[in-house]
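Let me begin by presenting the structure, written as structure tokens, before commenting on it.
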């Protein structure tokens, strides 16, 4: 049954179609149709339209419209008119916000059997829910002479031709379909009102809302999204009309169409399906599927052909997994899926679990976005912008680029905020590959410099140089922050922390400074053993931190650890994944705040010193930084005192010239004439608002051919005239020349 609806507050008017304007740009066919309508009888036709559309209709139709009367749309409510095809009386109804004056005449066709808004309007007025379209998209017998015609094909043409022949069509114009399109066929979807099975949510909606509050939602806004969906849901349509899927085990009486579904029939079919699978419903006869007491009347029943909504099917997976497998219990630790599953799997799982157990099926839900190409476009086979994970891992043709391996792909996943849509492409993967190589380089540095180390060589924390204690302080802070990142599923923060730690804090500073201790200080020296103690701690913790993201790299490093592994939990881990996350080391975190701040200022100062060294290098004063002597001055007495102490540090590793990788460092009490004559200098103000002056000159003494440091002591030793005191001691002879001693 067709009806017409309009907005109750819109202003309508009765217009007289006065004449066809031949000078307008209206097609001859349209002019002929309008002319035929005007000449059909003695009186000119009257039409009801929205007042706002009169000028538009005059222009589009090529006619002169004379307004005879104006009134509000609600005045037409429940007025009757004759259906243009079957002649039945139909009422005019008031629709909702979906009625606009953007196109048409202001009065819209209403079909309660073919649209959500129309269906709601039909319920309001008690209109019949007619849906004369079959499963193939063809008109049924209810459509009369149009029966069998395809709705989107010949059917449209036949209806237009019929109306035109009856002089009931004023204008025909193309209209862009606004309903959803099928993503496979690219054709508009036909909505139909059909008989379905529903599960009521009303009875336990509040229990579901309460359960939502007990779940950890990542990201947090996901809770608001699913709450809004549940709060407004009263029923759940659990049936589908498909030729595949899990059947709904219902029988229907052949004559009355009454359903037969009881506890007895369900249990009987359950027993059959548990042995033969769901296909038994389609292959077995109705008589065999019915329990014994119904078989004598099997001819009066037929099997239903509806299938279960796939969300009801997948939404009960918690029962099959958590309820049937040993060691697993309700709720699951985690549900992970895309953001579209708030109306799908997340919701159906929650509804089925609350309805049957009173508990949510999960304690945490993590929602991710979707992967787009490098330009931010949705991936599509037809467009050709799909990024294939297999090609990323294993490689493909020349244009596809090299195979990066699974770890690079996993590293990319960790680098993005997965809670929103993310981009991937050739350039992004190339950057990830570079970062991966730097992380791998960090592990190679650690492994290679621990080749001769044993756990028994460890230096006690309190005996370590301050630079080593600060390195362990930084390491433990990184471990703490990484653990927080894992606990909160913030993998992109882990990526950022590890990238900065491995590339900046380690490679650019500690590893750079440590080379002198590791390569020059003597294989069994304290300074080397203390450095190796720190490196071993870094290795054992870094492999733990990267293992969930870079499992292959972590396992590769673990299998190549050169020293004997200490037993944990009563056994030696044969795999990195047998390691446990170590408890927080409070001792390493106990460095006093003033010391932490001071070391922060030292690292800041080192960066500024490197800038002045680069200027001196550009001025051809020096080549290597070891050719330089560094002068520092500050008017802040506390800072000056601390710098003086570091020049005379107990542990050579804490000395400023080792930290700045220069041969000498001198702290000036004032900027005298000599300092003012230094060509290469600079100054800066640190974060504590303390100004520090920096000057660079050539280092004193000669170059030690072993460590490359410059020292006045080079050439003063009997058997090693080209070595400094430290290198002579390392190679076994530190006695000075007699002549030099007298001088």
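The values are calculated or read from the model by the stated rules, or taken from the named source; none is laboratory data. Computed from a prediction, not measured in an experiment: that's the story for all the values here. Here the Cβ is made from the backbone with ideal geometry for all residues, glycine too, and neighbour counts use every protein chain on show.
Of everything in region 471-509 that is in contact with a helix residue (DSSP H, G or I) (Cβ under 7 Å, 6 or more places away or on another chain) and free of Cβ contacts under 8 Å to residues at least 40 places away in the same chain, the residue that is surrounded by the most Cβ atoms within 10 Å (Cβ to Cβ) is 501. Selection of region 412-433 for residues being in a loop (DSSP other than H, G, I, E, B), within 10 Å of residue 374 (Cα to Cα) and touching a strand residue (DSSP E or B) at 6+ places or on another chain (Cβ under 7 Å) yields only 424. Taking helices (runs of 4 or more DSSP H) as the structural unit, no element lying wholly within region 599-697 holds at least 1 residues that are more than 28 Å from residue 507 (Cβ to Cβ) and in the same structural domain as residue 516 (by TED's automatic domain parsing). Within region 252-261, is there a residue that is surrounded by 11 or more Cβ atoms within 10 Å (Cβ to Cβ), without any contact (Cβ under 8 Å) to a residue 24 or more places away in the chain and out of contact with any helix residue (DSSP H, G or I) (no Cβ under 6 Å at 6 or more places or on another chain)? Yes, the conditions are met somewhere in region 252-261. Residues in region 33-71 that are assigned to a loop (DSSP other than H, G, I, E, B) and either under 9 Å from residue 13 (Cβ atoms) or modelled with pLDDT under 65 (or both) were compared, and the one that is farthest from the chain's Cα centre (by Cα) is 42. Among the residues of region 709-737, just one is in a loop (DSSP other than H, G, I, E, B) and at pLDDT 95 or above, namely 709. Among the residues of region 355-378, just one is free of Cβ contacts under 8 Å to residues at least 12 places away in the same chain and either within 22 Å of residue 317 (Cβ to Cβ) or in contact with a strand residue (DSSP E or B) (Cβ under 7 Å, 6 or more places away or on another chain) (or both), namely 378. Among 502, 514, 471, which is assigned to a helix (DSSP H, G or I) and farther than 24 Å from residue 586 by Cα? Within the list 502, 514, 471, the selection yields 514. When restricted to residues that are surrounded by 13 or more Cβ atoms within 10 Å (Cβ to Cβ) and in contact (Cβ under 8 Å) with a residue 40 or more places away in the chain, region 560-580 contains 3. If you go through region 436-460 and keep only what is surrounded by fewer than 19 Cβ atoms within 10 Å (Cβ to Cβ) and farther than 20 Å from residue 565 by Cα, you end up with 437, 438, 440, 441.
Kindly indicate whether any position in region 524-534 is touching a residue at least 24 places away in the same chain (Cβ under 8 Å), out of contact with any strand residue (DSSP E or B) (no Cβ under 9 Å at 6 or more places or on another chain) and over 18 Å from residue 472 (Cβ atoms). Yes, region 524-534 contains at least one residue that is touching a residue at least 24 places away in the same chain (Cβ under 8 Å), out of contact with any strand residue (DSSP E or B) (no Cβ under 9 Å at 6 or more places or on another chain) and over 18 Å from residue 472 (Cβ atoms). Here residue 106 meets each of (1) over 41 Å from the mean Cα position of the chain (by Cα); (2) touching a residue at least 24 places away in the same chain (Cβ under 8 Å); (3) exposed (fewer than 15 other Cβ atoms within 10 Å of the Cβ) with one exception, condition (3). At least 2 residues being in contact with a helix residue (DSSP H, G or I) (Cβ under 9 Å, 6 or more places away or on another chain), within 30 Å of residue 362 (Cα to Cα) and touching a residue at least 40 places away in the same chain (Cβ under 8 Å) is the threshold, and among the helices (runs of 4 or more DSSP H) wholly inside region 125-244 those reaching it are 205-212, 221-231. For region 519-528, how many residues meet the condition of being crowded, with 18+ Cβ neighbours inside 10 Å and either part of a helix (DSSP H, G or I) or at pLDDT 95 or above (or both)? Qualifying residue count, region 519-528: 2.
For residue 296, state whether it is closer than 24 Å to residue 281 by Cβ, part of a helix (DSSP H, G or I) and more than 28 Å from the chain's Cα centre (by Cα). Spelling it out, residue 296 is indeed closer than 24 Å to residue 281 by Cβ, part of a helix (DSSP H, G or I) and more than 28 Å from the chain's Cα centre (by Cα).
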